[in-house]
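The values are calculated or read from the model by the stated rules, or taken from the named source; none is laboratory data. Here the structure is a predicted model, which means the values were calculated and not measured. Note that each Cβ is placed from the backbone with ideal geometry, even for glycine, and that neighbours are counted across all protein chains shown. Protein only, heavy atoms only, side chains kept; ligands, DNA and RNA dropped before computing areas. Shrake-Rupley method; radii C 1.70, N 1.55, O 1.52, S 1.80 Å.
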Amino acid sequence: MPGFRSTSAFLAVLAAGLTGCGMHRDIPDRAAFEAFDSSSTYSRSFDHSPAQTCEAARRALLSQGFVVGRAEADIVEARKYFQQDESHEQVEFRAVCMPQLRGDQQTVVFVNAVQDRYALRKSNTSASLGVSALGSVSLPIGSSEDSLVKVASETLQDDTFYKRFFAVLERFLPEHAERPAPRTAATQPALFPMPQYPQPQPAELAPEPAPAATEALPAPPPL
């Protein structure tokens, strides 16, 4: 029966296509996962000390309207708020200044910015009406309250965004770069440390006693 065979083949192809589509939908989007590439989007090295670099980062964020919530010698955290129609957004920025382990630069700055998006949501409220015979009865009155609800949160990955921040940071770096004091033999740790014992102090010499004064003898009587 050729008609039955063609119909069965068509149904088999259709089922395979639907199965393939379902499997394709179940595969997650790989773009949302971290790639750990070697790009320098989130870090930059500077010739100044960590304290000087973080202070420049704080001034750079303040100059762009950010509200600094934490500012220390090695970390700066700040926020900035945006409003467009009924959408509210805020960017939380963090900069960490750490000593450089390689090369001639002193400090490496790691930055990260997270953007949160909020939207207005209306929630209906109901009032309770007390009736002596029935007890408490909840009746919808129709009132609603507006509240901001977080609808999205993502880490900013725009390379241009961070390049502009580093450019502003460089403008606030001081002309004089602090240099760590060179290590001397006294400050460098010894290969085989020896315990230190207190050195004996020489005893104080007592002053020599003064010679006893001899009593003057009376002169002999004249003969």
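Using θ = phi - 60° and the Karplus curve 6.51 cos²θ - 1.76 cosθ + 1.60, what whole-Hz ³J(HN,Hα) does each residue of region 88-100 get, with Gly and Pro shown as x?
Taking θ as phi minus 60°, the curve returns 10, 10, 9, 10, 9, 10, 9, 10, 10, 10, 10, x, 6 Hz for region 88-100.
Once ligands and nucleic acids are excluded and a 1.4 Å probe is used, how much of GLU92 is accessible, expressed in Å² to the nearest 10?
Estimated to the nearest 10 Å², GLU92 gives 60 Å².
I'd like the accessible area for PHE172, computed on protein heavy atoms only with a 1.4 Å probe and all protein chains in place. Round to 10 Å², please.
Approximately 80 Å² of PHE172 is accessible to the 1.4 Å probe.
For region 27-104, give the percent of accessible area contributed by carbon and sulfur heavy atoms, probe 1.4 Å, rounded to a whole number. The partial results should precede the final answer.
Details: 2570 of 5220 Å².
That share works out to 49 percent.
LYS122 to ALA51: FRET efficiency via 1/(1 + (r/R0)^6), r the Cβ-Cβ distance, R0 41 Å, to the nearest 0.05? Walk me through the intermediate numbers first.
Values: r = 49 Å, r/R0 = 1.18.
The calculated FRET efficiency here is 0.25.
Leaving ligands and nucleic acids out of the surface, order ARG70, ARG102 by accessible area at 1.4 Å, largest first.
Working: ARG70 95, ARG102 200 Å².
The most accessible residue leads, giving ARG102, ARG70.
On the full set of protein chains, 1.4 Å probe, figure out the accessible area of VAL68 and give it in Å² to the nearest 10.
Counting only protein heavy atoms, VAL68 exposes about 40 Å² to solvent.
Which order do LEU61, LEU148, LEU156 take by accessible area at a 1.4 Å probe, largest first? Mind dumping the intermediate values first?
On the way: LEU61 5, LEU148 95, LEU156 30 Å².
In descending accessible area the options line up as LEU148, LEU156, LEU61.
What is the calculated FRET efficiency for GLN83 to ASP104, with r their C-beta to C-beta distance and R₀ = 45 Å, to the nearest 0.05?
On the way: r = 45 Å, r/R0 = 0.99.
With R0 = 45 Å, the Cβ-Cβ based efficiency is 0.50.
Straight-line reach from LYS122: which lysines fall under 30 Å, measuring Cα to Cα and dropping same-chain residues less than 8 apart?
LYS80, LYS150
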